[in-house]
Structures are given as C-alpha cells and as structure tokens.
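See below for the structure under consideration.
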Amino acid sequence: MTHPRRSKDQIAALVAQDIPNGAYVNLGIGMPTLVANHLPAGLEIILHSENGILGMGPAPAEADQDFDLINAGKQPVTLLPGGAFFHHADSFAMMRGGHLDICVLGAFQVSATGDLANWHTGEPGAIPAVGGAMDLAMGAKQTWVMMDLLTKQGASKVVSQCTYPLTGLGCVKRIYTDLATLDVTPQGLKWVDAVDGLSRADLERLVGLPIAA
C-alpha cells in the first residue's frame, strides 16, 4: 500500500512551525536549509550557519545571489538586519558551548534511542564528510532530524541500532520524515503525526519497531 509523501518543502514547513520564538537555530547542509524559507512571520528566530553566520534570512532570488555570502553548503543566503558573519572558530565556539537551542540535521540513520549517523555510509567510494555535525549534534540543546523515512531500497532509516558510523549518541529528540514525525523519548519512539491514511500500525510495520501513541 502506498501513501502520499510530504515534499521537502512540506517537511521544512513542519519543522519551521515547531521552532519557538527567540530560538537560536542551526540549519544543517541539504534539506534543513529549506526551513529558512518557511519561518512564521512575526517571530524572532535567529539562524546560524557553522561557517560563521548569525542572522540568516530566506534564500535570495537568483538575481540577488551574492556568493561572498554563503552557508555551510556553499549556497547563497541573505542576511537579516542585525545579522553578522565572523570567524569559523567563533562559530564552533557557539556550537560547542551550548549556545544553540536547536540544530536541524539530515541523517542516514537514527536509532530508537536517538543515536545519529549522518556523515558516512561506510560504502566503497563514499566520501566521509562529518564537517561540524558532531559538534552540532552534541552541542545544541536539541537535535532534530529531517530525512526520508525509507531508503531507495525500502528499508527504514529509523532503526533499533545504527549500522553506520555514529555522529552522536542519544542526541536526537525529534525525527521529521516524508511519511511521519516521531519523538525520541526515554521510553522509545512516540507518534507525533503522519500523512493521511498512514496509521500507527502501518508505521510500526514500515519501521519494524514499536511506536507509542
């Protein structure tokens, strides 16, 4: 049975609506950068990029792109009034010092206990690129993940135990996917929401793990 899947922008919008006013948030490379385009108007949410930016805005129109102002994924970004860019070392001091409320990262796997694997699949020819992911995953007060629930082969990326090299232990608190959103709690995975027509029992079959209501 197939179910409608959320687009990357729809997942980003769900993440954006859950970020509280006043939060300092790092958006990781890839899908998480889309969150900047969906932040609710009227809230003060300060976006951080590990290459040394604080106060990022949404992605610029193509005509307004300035490649002297890019995020950690080398994508052009905008800078809101009061924003700043600074040395890489200062940025990592913010990350490691517990100054970020939330980081939003992509993932290859997340375990039922919140372990994160997002930098290397271990496959021949794969290029390992941890960047600042370890610093972010363990330094932020909360780590949220955005990813597809299933691999191209149909295997769940939410697993009982990660088989890929780990980024951080027990750090993930919430998982946003194209089919469902899950919380990671001390008691295990907990249902938050899902696409229309996907029941909790369906989700448990896809993931292969118990999911509390």
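The values are calculated or read from the model by the stated rules, or taken from the named source; none is laboratory data. In this text, all values refer to a predicted model and were calculated from it rather than measured experimentally. Cβ atoms come from the backbone with ideal geometry, glycine included; neighbour counts cover every protein chain shown.
Kindly evaluate residue 73 against the criterion of being over 26 Å from residue 129 (Cα atoms) and surrounded by fewer than 17 Cβ atoms within 10 Å (Cβ to Cβ).
The answer is no for residue 73.
If you go through the stretch 186-213 one residue at a time, how many are basic (Lys, Arg) and in contact with a strand residue (DSSP E or B) (Cβ under 8 Å, 6 or more places away or on another chain)?
2
Scan the stretch 153-200 for residues that are of a type in the set (A, V, I, L, M), closer than 14 Å to residue 108 by Cα and either within 16 Å of the chain's Cα centre (by Cα) or surrounded by fewer than 15 Cβ atoms within 10 Å (Cβ to Cβ) (or both) and jot them down. Let's see the steps before the verdict.
Going residue by residue through the stretch 153-200, those that are of a type in the set (A, V, I, L, M) are 155, 158-159, 166, 169, 172, 175, 179-180, 182, 184, 189, 192, 194-195, 198.
Within this subset, residues satisfying the condition of being closer than 14 Å to residue 108 by Cα are 155, 158-159, 166, 172, 175.
Selection gives 155, 158, 166, 172, 175.
Taking residue 132 as meeting all but one of (1) over 16 Å from the mean Cα position of the chain (by Cα); (2) buried (at least 16 other Cβ atoms within 10 Å of the Cβ); (3) at pLDDT below 95, write down the number of the exception.
Residue 132 satisfies every listed condition except (1).
Could you tell me which of the residues 26, 51, 21 is of a type outside the set (Asp, Glu) and in a strand (DSSP E or B)?
After ruling out the rest, the residue left standing is 26.
Restricted to the stretch 1-31, and to residues that are in contact (Cβ under 8 Å) with a residue 40 or more places away in the chain and of a type in the set (Ser, Thr, Tyr), which residue is farthest from residue 53 (Cα to Cα)?
If we take residues in the stretch 1-31 being in contact (Cβ under 8 Å) with a residue 40 or more places away in the chain and of a type in the set (Ser, Thr, Tyr), then 7 is farthest from residue 53 (Cα to Cα).
Those residues that are aliphatic (A, V, I, L, M), more than 23 Å from residue 13 (Cα to Cα) and out of contact with any Phe, Trp or Tyr (no Cβ under 9 Å at 6 or more places or on another chain), I need them from the stretch 167-213; list them, please.
169, 201, 206, 207, 209
Identify, by number, the condition in (1) at negative phi; (2) without any contact (Cβ under 8 Å) to a residue 60 or more places away in the chain that residue 82 doesn't meet.
Here residue 82 clears every test but (1).
How many of the residues in the stretch 145-190 are of a type outside the set (A, V, I, L, M, F, W, C) and either under 18 Å from residue 122 (Cα atoms) or not in a strand (DSSP E or B) (or both)?
First, the residues of the stretch 145-190 that are of a type outside the set (A, V, I, L, M, F, W, C): 148, 151-154, 156-157, 160-161, 163-165, 167-168, 170, 173-174, 176-178, 181, 183, 185-188, 190.
Next cut, either under 18 Å from residue 122 (Cα atoms) or not in a strand (DSSP E or B) (or both) only: 148, 151-154, 156-157, 160-161, 163-165, 167-168, 170, 178, 186-187.
Adding up the residues that qualify gives 18.
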